[in-house]
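Chemist: Pasting in a structure now, in structure tokens, and then I'll have a few things to ask.
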């Protein structure tokens, strides 16, 4: 916790908040950090006149300071059926990650919202700020369960992110934690995450069993059932097929990464066997999400 | 290969093969498993199929392996049988030809004898296919060439049979199949009831002509296995088919050596023929021998080989080893050279033991016998039997055969006098029989007519060549009782009147009637008979022949003057002599070449030159038909279908395929 307290959610952009917070914004305002001077005009607050300059130049200048505002942090947790897979379980790992990110965000008085998504946006817990709603956030995350294929309705990531964009129009950081198993077009979906006022991080979580099917004992003549849509695939898993699978997975990840970069989204990929501390304290810091 | 129950297998195939294939058409019962997304798997499978054009075949490798497995099991179910030359439980006689022609090397580099042994072992392998001893089963092994050797009597121990087969050694002898058949005959007779004796003859069919009576093999089936490359004429063989030497009658130092080359190739062969005396090369001739004649002399008979005669003239007084060889590379090596020992000139010396017989004396003179010595029976009995025998040619060459009694004789004629002891020299008897066991003379029965004629005689005998005996009245000639090993030469009304008996290598020709009791001396056939008999008995028929050479398979008779315990010859093989009084009978020569001894024997026996000189053995062409005895019925080996089931092989094969299938599956599925 102490280590998390030292961290804060970083945005690669200077975004405007709605309330005064701990984050510099483009907006000049009241803070201790000097930003610029400008000539005095009638009506300006006399408290910000730089009297020393007036003494030297005999002109009135107003000292401008960086406005420190809060940051809107939206954390989107994927609760599709596919997340309930792997050892360590992807959903559990993702929930812990979201909890850590939410905690960090809240402790720095950022405006924090949590969303869950599956075949669309499911639930949300919005407008949390300060340490007080931390239990609320944890409770929200705790009750999240992966959706079974039966419970899911048709939908895809595009519609989900579209809904998110509509609901969350505040400038800020959006963090999507998902395995990004989507049979639709992700580039289309990412369109709704991009924008000048948004700084979006995609955290792609994969279990070790997905990266190497042999670890998941996906071997032999199998009838594979998709956890999300119940789709059936009959395969005879041979070394050649495993090799091909790995190549396809790599290509898929690269595709998501390329599409994210095209839209200006930050992309991070991790396996769930990476220790959580390493993930938060090192991995996310190295990639600039946390500082 | 045949099948015992093909219908069962066909029915099973009709059920199982479609079932197996349909199993592949039907979907596999796959293990169910949930995964986060099938997205990548579907793409991977698609990519794999798109990128590998032979993927279907690869995927179906297991199907093929399983089909093969099924097929093997189905074939096993059909109970396949093998075509074999023998079936378990048979009584089999393995007769292997190990004559000279079997040393021919065929195109595959293997001698025919080796091929014959392999084939024979195959037959034996068939015998124990049923496993265990079976009633009446068994095999015996006979090897034949000039003589027949029973290598293994009937036994059910097939290991011993195999060992005997492997132990058959190559020889350079001629082939006398009749003796082999004769060895089998008693066993065939013993086989009774429904049992049959199967005689497997492994030979190239090059059999020397035999004049023996045809042999019938009751209860026996002869299967001839033709060994050798039937198209062997291309490999060809160039043989020295004859070799002889003669001295000039007037000038004995002039010697003419005659050789005959036979070419069995379908192309003319040019080669160098080297003529050597002792170790000196006297001459080399370049000779072209024509190809095999394109026309057969008779239907079913192979065309005769191309032949060329050669003569070499030399001046040589003493003895020498003459060798003739050619340098043509061919299939058979035994006939590429021939050798003989050149003897000094020799004249026939005859002793006549008689109280007086003008007919005989006249006949001897007309036969050109210049060295004729006459003795009365009393004088004869006083002689030392050993000194009566002529030791060799040396004494004759030195002394010029002047007629002195001490020089010994080549042949003795007994006229109405039987010696007390059997002489050590070839002899001719008139009106008496020598004291030989089993040989006696019975008088004509008193009630029989006084005169009779010779009714039958052996015209093929060299002693009766050109001798007409049909018009000779005999007065009470009696009849001869001839021992089993004797040869009847002529038969009168009551029985044999002329016979030949050989004891301890000494030939005794007996004319049972008194010349004075017949009109034979008045017939022209009498001097002809004397002219035939005396040189044959005295000089082995070679009055002018100046070279001594033996044939393989022949027994040499060595006359010794001194007491020696044992006689051994070394050379291409080591052979021993068997002592028979003062003579030694040397074992049959197995191989061609020069045999030498260190024993104290006369000069002419120090070395023995042995040759093949047989056109039948030199002929590399394989006879597809083998005549048994003189029977004209050809026996042809045919593969007969036997109940030698070979389904276990298919089951083993199926197990191997099963293992392979497992490996294929494991390889595919092991990650």
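Chemist: Select, from A:144, A:136, the only residue that is assigned by TED's automatic domain parsing to the domain that holds residue A:81 and in contact with a helix residue (DSSP H, G or I) (Cβ under 8 Å, 6 or more places away or on another chain).
Modeler: A:144
Chemist: Look at segment A:260-275 and say how many of its residues are more than 18 Å from residue A:207 (Cα to Cα) and touching a strand residue (DSSP E or B) at 6+ places or on another chain (Cβ under 9 Å).
Modeler: Selection size over segment A:260-275: 6.
Chemist: Follow-up question, since we're still on this one. Can we say residue A:140 is within 16 Å of the chain's Cα centre (by Cα) and in a helix (DSSP H, G or I)?
Modeler: In short, no.
Chemist: Can you name the residue in segment A:73-95 that is at the interface with another protein chain (Cβ under 9 Å from one of its Cβ atoms) and in a loop (DSSP other than H, G, I, E, B) and is also surrounded by the most Cβ atoms within 10 Å (Cβ to Cβ) among such residues?
Modeler: Among those that are at the interface with another protein chain (Cβ under 9 Å from one of its Cβ atoms) and in a loop (DSSP other than H, G, I, E, B), it is A:80.
Chemist: Name the residues in segment B:308-320 that are in contact with a helix residue (DSSP H, G or I) (Cβ under 9 Å, 6 or more places away or on another chain) and under 18 Å from residue B:274 (Cα atoms), would you?
Modeler: none
Chemist: What about residue A:103, is it in contact with a helix residue (DSSP H, G or I) (Cβ under 9 Å, 6 or more places away or on another chain), at negative phi, part of a strand (DSSP E or B) and away from chain B (no Cβ under 14 Å)?
Modeler: Spelling it out, it is not the case that residue A:103 is in contact with a helix residue (DSSP H, G or I) (Cβ under 9 Å, 6 or more places away or on another chain), at negative phi, part of a strand (DSSP E or B) and away from chain B (no Cβ under 14 Å).
Chemist: Continuing with the same structure: Which one of these is under 30 Å from residue B:561 (Cβ atoms), away from chain A (no Cβ under 14 Å), modelled with pLDDT of 75 or more and out of contact with any helix residue (DSSP H, G or I) (no Cβ under 8 Å at 6 or more places or on another chain): B:610, B:622?
Modeler: Unique residue meeting the criteria: B:610.
Chemist: Quick one: which strands (runs of 3 or more DSSP E) sit completely within segment B:438-553 and have at least 3 residues that are more than 37 Å from the chain's Cα centre (by Cα)?
Modeler: Counting at least 3 such residues, we get B:451-453, B:473-475.
Chemist: Residues B:82, B:66, B:46: which one is modelled with pLDDT of 65 or more, more than 30 Å from residue B:334 (Cβ to Cβ) and out of contact with any helix residue (DSSP H, G or I) (no Cβ under 9 Å at 6 or more places or on another chain)?
Modeler: B:46
Chemist: Anything in segment B:85-99 that is modelled with pLDDT of 85 or more and surrounded by fewer than 22 Cβ atoms within 10 Å (Cβ to Cβ)? List them, or say none.
Modeler: none
Chemist: Hey, which of the strands (runs of 3 or more DSSP E) in segment A:209-290, taking only ones fully inside, have at least 1 residues that are under 16 Å from residue B:37 (Cα atoms), within 11 Å of chain B (Cβ to nearest Cβ) and out of contact with any helix residue (DSSP H, G or I) (no Cβ under 6 Å at 6 or more places or on another chain)?
Modeler: Result: A:220-226, A:232-237.
Chemist: Moving on to the next point. Hey, among B:395, B:410, which residue is buried (at least 21 other Cβ atoms within 10 Å of the Cβ), at pLDDT below 90 and not assigned by TED's automatic domain parsing to the domain that holds residue B:603?
Modeler: Testing whether each residue is buried (at least 21 other Cβ atoms within 10 Å of the Cβ), at pLDDT below 90 and not assigned by TED's automatic domain parsing to the domain that holds residue B:603 leaves just B:410.
Chemist: For segment A:184-204, does any single residue satisfy the condition of being within 11 Å of chain B (Cβ to nearest Cβ), without any contact (Cβ under 8 Å) to a residue 12 or more places away in the chain and surrounded by fewer than 16 Cβ atoms within 10 Å (Cβ to Cβ)?
Modeler: No; the residues of segment A:184-204 include none that is within 11 Å of chain B (Cβ to nearest Cβ), without any contact (Cβ under 8 Å) to a residue 12 or more places away in the chain and surrounded by fewer than 16 Cβ atoms within 10 Å (Cβ to Cβ).
Chemist: OK, next. Among B:505, B:552, B:562, which is modelled with pLDDT under 90, more than 19 Å from residue B:359 (Cα to Cα) and crowded, with 20+ Cβ neighbours inside 10 Å?
Modeler: B:552
The values are calculated or read from the model by the stated rules, or taken from the named source; none is laboratory data. This is a predicted model, so every value here is computed, not measured. We place every Cβ from the backbone using ideal geometry, glycine too, and count neighbours over all the protein chains shown.
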